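Peer 1: For reference, the structure I am asking about is given below.
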Amino acid sequence: MNAHQRDHIDTVMQAVAGDNRTLTAADDSLIHDSWRRCARDYRLDPTRMQDAIILPSHRLREHQERMDEILQIARSGMQALYQHVAGLDYVVLLTDARGVTVDFLGDLHSGQSLRRAGLYLGSDWSESVAGTCGVGTCISTGQALTVHQGDHFDATHIPLTCTTAPVFDGRGQLNAVLDISALRSPQSKDSQHLALQMVKIYAQYVENASFMRQFRQDWVLRLSPSPQFLEVNPDYLLALDAAGRVIGYNRRAQLLLQDRVAGPLMGAAFERLFNVQLGDLGRFLQNCPADRRAITVAGSSQLLFLLATPPPAVKRPVAAAATQAEPVPAPLAALCGGDAALSRQIARAARFVNSPVGLLLTGETGSGKEFFAKALHASSERRNRPFVAVNCAAIPEALAESELFGYLPGSFSGAGARTKRGLVQEADGGTLFLDEIGDMTLLLQARLLRVLAEREVLPVGATRPVPVNIRVIAATHCDLEALVRAGRFRADLYYRLNGAHLVLPPLRQRTDLNWLIDRMLANQQDGDEAATPVLSTDASARLLAHHWPGNLRELHNVIAYARSLCHQGVIELYDLPDDLGGAPALDPLVAPSPSLAAAPGGSTSEAAQLLQQLAATRWNVAEAARRMGLSRMTLYRRMQRWGIASPNQRDGDAAS
């Protein structure tokens with residue numbers, strides 16, 4: 001503990017004891033009241049030096065899932081705010097009403113320092129845990145404020161400056177807190193005045209966007225002192241039911257109107273709030289001239305301008321809307337057989353099928369990221385347009401730029417005589433799937449960032465960009481945040497791609513493995529064998545017990561292998577690959593034992609029949625396969641299975 005921290009602790013203890021000599025401004029009153037709450041109500045010790053509390057990932061997911069809808073809405077606003085403040089070393093946080101950080105934008109090169117300070121995903125900034133702080137005190141007071149350096153209760157937080165604004169839902173309840181914080185800043189608290197104004201503006205953007213989504217099936221009234229901003233940025237929002245009663249409002253409307261009625265604002269009649277009759281709302285619709293939109297607040301001379309938006313012509317019954325979950329598109333639903341973790345990711349993905357928000361799919365190698373991306377594309381309005389998959393790890397570095405962005409004739413040595421459209425242009429109107437994005441070079445990352453930001457591509461050798469309309473889905477098995485911290489991946493590109501992050505569970509954790517196996521057995525066809533094979537009890541148990549390091553890709557290969565070797569439609573344990581417990585492979589160059597053909601009954605009877613047919617056709621494999629009703633490749637596989645080798649020197653030629 002240094003001298004600065006000791007002085008801070010003494011100041012806090014004096015204020016808690018009732019010494020208000022340091023109280024110099026109205027804002028300090030909020031801070032000192034918070035200090036007293038921390039000591040008296042939460043029993044926090046001013047002398048403590050507590051590290052940041054970061055929730056484990058499973059508890060963080062619980063908080064995020066409860067905030068799923070507001071997270072979708074808030075992300076764009078957070079990104080816009082971060083673009084304004086990133087160069088000033090701020091981070092942007094969104095917390096839930098409990099103070100847990102559910103979304104985060106910041107410079108991941110400083111990830112360790114930010115995590116230690118608690119300016120990170122999963123951090124708990126509730127006042128009862130962290131003491132006086134931007135988020136916790138905003139939750140306690142419902143006010144936008146700055147908690148700057150020595151304003152913090154805990155001495156470990158005094159280097160920080162935290163500026164926050166509340167986000168309320170359409171019924172006046174705190175929904176979230178938007179925060180911009182920095183590890184260090186100028187000493188003066190006045191240095192954060194602009195930060196406070198910006199965070200209040202973007203909190204209102206998020207609140208209003210959430211309101212419009214929540215009440216999209218109802219009458220919505222936009223009100224503003226200026227008619228020019230009614231559509232794009234109204235100050236006040238109200239939602240009415242069909243009878244003209246208030247069913248929702250944003251925070252500004254609540255503060256403006258709550259004193260105009262004797263009881264609660266919720267349920268109040270429209271005529272009690274404004275000097276206009278409900279039947280006159282029709283003249284405030286979209287086509288009404290601006291100079292005829294003026295109304296006054298009841299009981300005052302305050303002038304506002306009104307734009308009314310009616311509900312859709314065909315409105316769903318309220319009860320049905322409240323009880324029916326949004327259906328999951330069939331292509332996405334077909335990816336899961338009931339696994340809870342994957343079902344949650346699919347339900348979340350279903351909300352993004354037609355959204356412009358970038359999607360980032362992560363999961364182990366082989367976990368089905370491309371299948372998931374294709375299902376998203378097939379579920380979207382772009383389903384009839386191209387789906388272009390790009391393996392960023394497989395394109396040679398020397399050709400990557402021309403492959404992705406195309407080129408003009410003669411633009412470089414080896415360029416063709418005709419213009420070549422790149423893969424980005426090939427995806428125009430559809431979906432561009434960037435697999436293994438973590439392996440893309442920094443140079444290409446910069447070019448890709450421009451494509452995503454400007455929605456245009458500049459072919460190699462061109463001077464004018466070409467506009468493109470693409471939906472981008474990126475995927476990786478890498479930890480992109482770690483790559484950003486290591487300087488191997490651009491932070492701005494990471495945040496552009498990571499509009500919504502979907503995590504695919506590994507196969508070993510999925511509870512629908514039996515369903516997957518049955519589906520693969522039914523879908524894979526092998527030559528003439530149209531019937532779906534079945535698994536023996538031993539083979540099924542072995543598949544369920546396997547760790548599946550290769551995930552879906554490994555399972556697909558195992559099923560294809562077993563289908564090729566199984567006999568009479570039953571996959572036995574010895575039909576599985578050796579590393580899954582199948583029988584040891586025989587050397588195909590070693591002739592079978594003479595006793596093999598003579599063995600009565602059992603599994604060796606198949607080998608005996610095989611030898612008999614091959615001998616009868618003088619080891620002509622094609623003819624033997626025809627007589628047995630098999631494809632030639634199936635017969636070759638059975639020969640390999642039983643270690644039967646042709647005595648001909650050039651079996652590949654003579655036996656075909």
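Peer 1: For region 239-264, how many residues meet the condition of being at pLDDT 90 or above and open to solvent by less than 60 Å² (accessible area, probe 1.4 Å)? Walk me through how you get there before you give the answer.
Peer 2: The first filter runs over region 239-264 and keeps only residues at pLDDT 90 or above, leaving 239-240, 245-257.
Then drop every residue that is not open to solvent by less than 60 Å² (accessible area, probe 1.4 Å), which leaves 239-240, 246-250, 253-254, 256-257.
Residues meeting the conditions: 11.
Peer 1: Of 80, 74, 117, 155, which residue is within 27 Å of the chain's Cα centre (by Cα), farther than 30 Å from residue 344 by Cβ and at pLDDT below 95? Working first, answer last.
Peer 2: Numbers: 80 fails: farther than 30 Å from residue 344 by Cβ; 74 fails: farther than 30 Å from residue 344 by Cβ; 155 fails: within 27 Å of the chain's Cα centre (by Cα).
Criteria check complete, one pass: 117.
Peer 1: Here is a further query. Of (1) open to solvent by 50 Å² or more (accessible area, probe 1.4 Å); (2) out of contact with any strand residue (DSSP E or B) (no Cβ under 8 Å at 6 or more places or on another chain); (3) under 23 Å from residue 150 (Cβ atoms), residue 189 satisfies all except one. Which?
Peer 2: That leaves (2) as the condition not met.
Peer 1: Take the conditions under 26 Å from residue 549 (Cα atoms), modelled with pLDDT of 90 or more and either of a type in the set (Asp, Glu) or more than 18 Å from the chain's Cα centre (by Cα) (or both) and apply them to residue 480. Does it pass?
Peer 2: Working: under 26 Å from residue 549 (Cα atoms): yes; modelled with pLDDT of 90 or more: yes; either of a type in the set (Asp, Glu) or more than 18 Å from the chain's Cα centre (by Cα) (or both): no.
Considered against the rule, which asks whether it is under 26 Å from residue 549 (Cα atoms), modelled with pLDDT of 90 or more and either of a type in the set (Asp, Glu) or more than 18 Å from the chain's Cα centre (by Cα) (or both), residue 480 comes out as no.
Peer 1: Here's a follow-up. Scan 86, 39, 80 and give me the residue that is over 29 Å from residue 359 (Cβ atoms) and part of a helix (DSSP H, G or I).
Peer 2: Details: 86 fails: over 29 Å from residue 359 (Cβ atoms); 80 fails: over 29 Å from residue 359 (Cβ atoms).
Result: 39 is the single residue among 86, 39, 80 that is over 29 Å from residue 359 (Cβ atoms) and part of a helix (DSSP H, G or I).
Peer 1: Tell me which of these residue 228 doesn't satisfy, since it passes every other one: (1) under 13 Å from residue 144 (Cβ atoms); (2) over 34 Å from the mean Cα position of the chain (by Cα).
Peer 2: Checking residue 228 against (1) under 13 Å from residue 144 (Cβ atoms); (2) over 34 Å from the mean Cα position of the chain (by Cα), the one that fails is (1).
Peer 1: Hey, can you tell me all the residues within region 230-248 that are more than 18 Å from residue 278 (Cα to Cα) and among the small types (Gly, Ala, Ser)?
Peer 2: Scanning region 230-248 gives no hits.
Peer 1: Given the options 580, 555, 576, name the one that is modelled with pLDDT under 85 and either surrounded by 13 or more Cβ atoms within 10 Å (Cβ to Cβ) or in contact with a Pro (Cβ under 9 Å, 6 or more places away or on another chain) (or both). Let's see the steps before the verdict.
Peer 2: Working: 555 fails: modelled with pLDDT under 85; 576 fails: modelled with pLDDT under 85.
One residue alone meets the criteria, 580.
Peer 1: Somewhere in region 202-221, is a residue farther than 22 Å from residue 76 by Cα, open to solvent by 40 Å² or more (accessible area, probe 1.4 Å) and among the basic types (Lys, Arg)?
Peer 2: Start the filter on region 202-221 by keeping residues that are farther than 22 Å from residue 76 by Cα, which leaves 217-221.
Adding the requirement that they be open to solvent by 40 Å² or more (accessible area, probe 1.4 Å) leaves 217, 219.
Filter again for among the basic types (Lys, Arg), leaving none.
Checking region 202-221: not a single residue is farther than 22 Å from residue 76 by Cα, open to solvent by 40 Å² or more (accessible area, probe 1.4 Å) and among the basic types (Lys, Arg).
Peer 1: Determine whether residue 523 is at pLDDT 85 or above and surrounded by fewer than 18 Cβ atoms within 10 Å (Cβ to Cβ). Give the derivation first.
Peer 2: Numbers: at pLDDT 85 or above: no; surrounded by fewer than 18 Cβ atoms within 10 Å (Cβ to Cβ): yes.
Spelling it out, it is not the case that residue 523 is at pLDDT 85 or above and surrounded by fewer than 18 Cβ atoms within 10 Å (Cβ to Cβ).
Peer 1: In this structure, does residue 184 turn out to be open to solvent by 10 Å² or more (accessible area, probe 1.4 Å), part of a strand (DSSP E or B) and charged (D, E, K, R)? Break it down stepwise before answering.
Peer 2: Working: open to solvent by 10 Å² or more (accessible area, probe 1.4 Å): yes; part of a strand (DSSP E or B): no; charged (D, E, K, R): yes.
In short, no.
Peer 1: Moving to a separate point now. Quick one: which residue in 532, 537, 511, 476 is among the hydroxyl-bearing types (Ser, Thr, Tyr) and surrounded by 19 or more Cβ atoms within 10 Å (Cβ to Cβ)? Step through it out loud before you land on a result.
Peer 2: Numbers: 532 fails: surrounded by 19 or more Cβ atoms within 10 Å (Cβ to Cβ); 537 fails: surrounded by 19 or more Cβ atoms within 10 Å (Cβ to Cβ); 511 fails: surrounded by 19 or more Cβ atoms within 10 Å (Cβ to Cβ).
It is 476.
Peer 1: Separate question: For region 18-48, which residues satisfy the criterion of being among the basic types (Lys, Arg) and either on the phi < 0 side of the Ramachandran plot or at pLDDT below 90 (or both)? Before the answer, list the steps.
Peer 2: Looking only at region 18-48, we keep the residues that are among the basic types (Lys, Arg), and these are 21, 36-37, 40, 43, 48.
Listed by number, the residues that qualify are 21, 36, 37, 40, 48.
Peer 1: How many residues, within region 93-113, are under 24 Å from residue 495 (Cβ atoms) and open to solvent by 10 Å² or more (accessible area, probe 1.4 Å)?
Peer 2: Applying the first criterion (under 24 Å from residue 495 (Cβ atoms)) to region 93-113 yields 93-96, 99-113.
Going one step further and asking which of them are open to solvent by 10 Å² or more (accessible area, probe 1.4 Å), we end up with 103-104, 107, 109-110, 112-113.
Total satisfying the criteria: 7.
Peer 1: Please tell me if residue 275 is open to solvent by 10 Å² or more (accessible area, probe 1.4 Å) and either modelled with pLDDT of 95 or more or closer than 25 Å to residue 143 by Cβ (or both). Outline the logic, then answer.
Peer 2: Numbers: open to solvent by 10 Å² or more (accessible area, probe 1.4 Å): yes; either modelled with pLDDT of 95 or more or closer than 25 Å to residue 143 by Cβ (or both): no.
The answer is no for residue 275.
Peer 1: Oh, and also: Just give me the residues in region 409-432 being open to solvent by 60 Å² or more (accessible area, probe 1.4 Å) and at pLDDT below 90, in sequence order.
Peer 2: Looking only at region 409-432, we keep the residues that are open to solvent by 60 Å² or more (accessible area, probe 1.4 Å), and these are 409-410, 412-414, 417-421, 426.
Scanning region 409-432 gives 409, 410, 412, 413, 414, 417, 418, 419, 420, 421.
Peer 1: A follow-up question, please. Give the number of residues within region 541-552 that are open to solvent by 30 Å² or more (accessible area, probe 1.4 Å) and of a type outside the set (A, V, I, L, M).
Peer 2: Residues that pass the stated criteria total 4.
Peer 1: Show the residue pairs that are 6+ apart or on different chains and have beta-carbon atoms under 8 Å apart, the first residue being within region 490-519 and over 16 Å from residue 450 (Cα atoms) and hydroxyl-bearing (Ser, Thr, Tyr), the second being open to solvent by 20 Å² or more (accessible area, probe 1.4 Å) and in a loop (DSSP other than H, G, I, E, B).
Peer 2: From residues that are over 16 Å from residue 450 (Cα atoms) and hydroxyl-bearing (Ser, Thr, Tyr), the pairs are 511/338.
Peer 1: Would you be able to tell me the number of residues in region 612-640 that are part of a helix (DSSP H, G or I) and at pLDDT below 75? Spell out how you get there, then give the answer.
Peer 2: As a first pass, look at region 612-640 and keep what is part of a helix (DSSP H, G or I): 612-616, 621-628, 632-640.
Checking the rest, the ones that are also at pLDDT below 75 come to 612, 615-616.
Total meeting the criteria: 3.
Peer 1: Looking at region 49-56, can you tell me whether even one residue there is open to solvent by less than 50 Å² (accessible area, probe 1.4 Å), part of a helix (DSSP H, G or I) and at pLDDT 85 or above?
Peer 2: Here is the first cut: in region 49-56, the residues open to solvent by less than 50 Å² (accessible area, probe 1.4 Å) are 52, 54-55.
If we keep only those that are part of a helix (DSSP H, G or I) as well, we get none.
Within region 49-56 (the criterion being open to solvent by less than 50 Å² (accessible area, probe 1.4 Å), part of a helix (DSSP H, G or I) and at pLDDT 85 or above), the answer is no, since none of the residues qualifies.
Peer 1: Can you name the condition, by its number, that residue 119 falls short on among (1) under 25 Å from residue 231 (Cβ atoms); (2) open to solvent by less than 10 Å² (accessible area, probe 1.4 Å); (3) not in a helix (DSSP H, G or I)?
Peer 2: (1)
Peer 1: Any idea which residue in region 312-369 is modelled with the lowest pLDDT, counting only those that are acidic (Asp, Glu) and either in a helix (DSSP H, G or I) or open to solvent by 20 Å² or more (accessible area, probe 1.4 Å) (or both)? Walk me through it before giving the result.
Peer 2: Step one: of region 312-369, the residues acidic (Asp, Glu) are 326, 339, 364.
Those still in the list that are either in a helix (DSSP H, G or I) or open to solvent by 20 Å² or more (accessible area, probe 1.4 Å) (or both) too: 326, 364.
Values: 326: 62, 364: 92.
The extreme case among them is 326.
Peer 1: Considering (1) over 25 Å from residue 84 (Cα atoms); (2) open to solvent by 10 Å² or more (accessible area, probe 1.4 Å); (3) aromatic (Phe, Trp, Tyr), say which one residue 153 fails and leave the rest.
Peer 2: With (1) over 25 Å from residue 84 (Cα atoms); (2) open to solvent by 10 Å² or more (accessible area, probe 1.4 Å); (3) aromatic (Phe, Trp, Tyr) applied to residue 153, the lone miss is (2).
Peer 1: Also, I was wondering about something else. What's the number of the condition residue 404 fails, among (1) in a helix (DSSP H, G or I); (2) modelled with pLDDT under 85?
Peer 2: (2)
The values are calculated or read from the model by the stated rules, or taken from the named source; none is laboratory data. None of these values were measured; they are calculated from a predicted model. Cβ atoms come from the backbone with ideal geometry, glycine included; neighbour counts cover every protein chain shown. Calculation scope for accessible area: heavy atoms of the full protein, side chains included, ligands and nucleic acids excluded. Shrake-Rupley method; radii C 1.70, N 1.55, O 1.52, S 1.80 Å.
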